Amino acid sequence: SGTCFVVGPDRVATSEVVVADPPPGGFEVCFGEDERSVFRVEKVLGVLPGEVDGCGVAVLRVAAQGDGGSSLPAPLRVASTPPEGHEGTKVYVAGFGCHRAEKRLQPGQFLGESGADFHHDCFTEPGSAGSLQPVGKEVAS
């Protein structure tokens, strides 16, 4: 299990570790707080590996409609590059940990980047793979 977010029409992004060992029945993603909508994952479109094993990003194609005819939330605006020269900037990891029904917001600081990897000191826990790291008005993933 892990956290994902919408990046485009019928597209979600998550951590590569979430898709490394697919369950026998396939994947589903859920959105919503009070009324959850479930979307079937149709295909893993690709994985961009990170510099450290398991730290890459997977992009998935999901069904256009969820159970009950629900639509995906609007995509997030994602930064194309990490913030340069902003070490010490406050950042947050937002997502679900294992066996948690509620979303967590974990504060920290931007420590820098190397290659395609974004480094922070926010606390994360199992199941938060694929969580967002909001910085300012855009989001780095």
H119 accessible area, assembled protein chains, probe 1.4 Å, Å²: 70 Å²
Cα-projected label distance for A20 with D121, points at 7 Å along beta-carbon direction, nm: 2.7 nm
Order of exposure, largest accessible area first, which applies to E35, E28 with probe 1.4 Å: E35, E28
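The values are calculated or read from the model by the stated rules, or taken from the named source; none is laboratory data. This is a predicted model, so every value here is computed, not measured. When we count neighbours, we look across all protein chains shown, and the Cβ atoms used for this are built from the backbone with ideal geometry, even at glycine. The protein model used for the area step is the full one, side chains on, heavy atoms only, and it has no ligands, DNA or RNA in it. Shrake-Rupley method; radii C 1.70, N 1.55, O 1.52, S 1.80 Å.
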